[in-house]
Amino acid sequence: MTLINSVILKCPNCSHLLEVIELQSFHLFKPEMFSDGKIDSTSLIPDVSEILICTKCNTDFWREDAICLNPDQDSDPGALPANQPSGLFLSFNSDLRLSISKYYNKLLSRGFADTYDKEVYLRTLLWHGLNDITRYKSRASKGVIAEQEGLLRDNLNKLISVYKPRYPEEVLLLAEMHRELGEFDEAINILGKVNRDECLSAYKQILGACKKKSVSVFKIHKN
Ligand SMILES: [Zn+2]
């Protein structure tokens, strides 16, 4: 069951009131999972980003850093709906898919992610955004592909340098980062440390892709 709630936040920059949606619980209908950990589900579930953009002053901020007003109140007549990155860059065109990645990269360059969790969240969004061009088979020019590959390499190297996997799924993701960089021996070495019982089909498929020396993101097939 999906419960969607709206809450009123105060923009940390200009103090304008903003209305944002929150998911209280959700159920994924026929989710599709990819090797980089992205899960696609039904469009009935709205995209809920931890990064918000003030509609009034255009400042980006973290949801957790904004003051939440009247959590019991459904709406406020003076509040504006807050923007989310996916709303501003929504497109299936490869150039525009690249622009959301460049936006995330710019946030990272200016130190927007100032904790471990925020950096991992933002670098994962950037990783998924760059892979979306390949994932959804967007037609892309050589220039877009070159830029996508350069950003992907840079982001994966930086993500690996900070990443501290805590769960078997995260160890699997670390192996996937190395595989997408073409570091197959390192990926296979890390796969050796995964508790296979918990993610067997993803484990087998990522190992298979390493053996084929494939670096592309792919859909995990359920056995
Ligand atoms: Zn503002």
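Summary table below
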{"read-out": "Nearest 10 degrees, 0 to 90: helix 94-109 Cα axis against the chain principal axis", "value": "80 degrees"}
{"read-out": "Candidates LEU23, LEU98, LEU126: whichever shows maximal mean-square fluctuation once the chain is modelled as a Gaussian network with Cα springs under 10 Å", "value": "LEU23"}
{"read-out": "³J(HN,Hα) computed for each position of region 51-65 - Karplus, 6.51 cos²θ - 1.76 cosθ + 1.60, integer Hz, glycine/proline x", "value": "9, 10, 10, 5, 6, 7, 10, 6, 7, 8, 8, 7, 3, 5, 8"}
{"read-out": "Those trypsin sites (Lys or Arg not before Pro) in region 161-223 that DSSP places in a loop and that have at most 13 other beta carbons within 10 Å", "value": "ARG166, LYS193, LYS212, LYS213, LYS222"}
{"read-out": "Distance between modelled label sites at LYS158 and ASN93, nm, 7 Å Cα→Cβ extension", "value": "2.7 nm"}
{"read-out": "Label-point gap, in nm, between LEU80 and SER109 - each point 7 angstrom along Cα→Cβ", "value": "2.6 nm"}
{"read-out": "Ranked THR124, THR55, criterion: other C-beta atoms within 10 Å, fewest first", "value": "THR55, THR124"}
{"read-out": "Volume per residue that the Cα convex hull of the chain spans, once the total is divided by residue count, Å³", "value": "141 Å³"}
{"read-out": "Between 0 and 90°, nearest 10: helix 168-180 axis offset from the chain longest Cα axis", "value": "70 degrees"}
{"read-out": "Per-residue ³J(HN,Hα) for region 134-144, Karplus 6.51 cos²θ - 1.76 cosθ + 1.60, θ = phi - 60°, Hz, x for Gly and Pro", "value": "7, 4, 9, 6, 5, 6, 9, 6, 4, x, 5"}
{"read-out": "Under 5 Å, built H, 5+ apart or other chain: amide partners of LEU80", "value": "LEU17, LEU18, GLU19"}
{"read-out": "With at most 12 neighbouring Cβ atoms within 10 Å, loop chymotrypsin sites (Phe, Trp or Tyr not before Pro) (DSSP) excluded, longest segment of the chain", "value": "137-223"}
{"read-out": "Shape of region 91-211, Cα gyration tensor, a/c cut at 1.5", "value": "oblate"}
{"read-out": "Sites GLU22 and ASP65 - FRET efficiency at Förster radius 25 Å, r taken between beta-carbons, to 0.05", "value": "0.95"}
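Laboratory data are not the source of any read-out in this text; all were calculated from the coordinates shown. The model shown is predicted, which means the values in this text are computed figures rather than measured ones. FYI the Cβ positions are ideal-geometry reconstructions off the backbone, even for glycines, and counts take in every protein chain you see.
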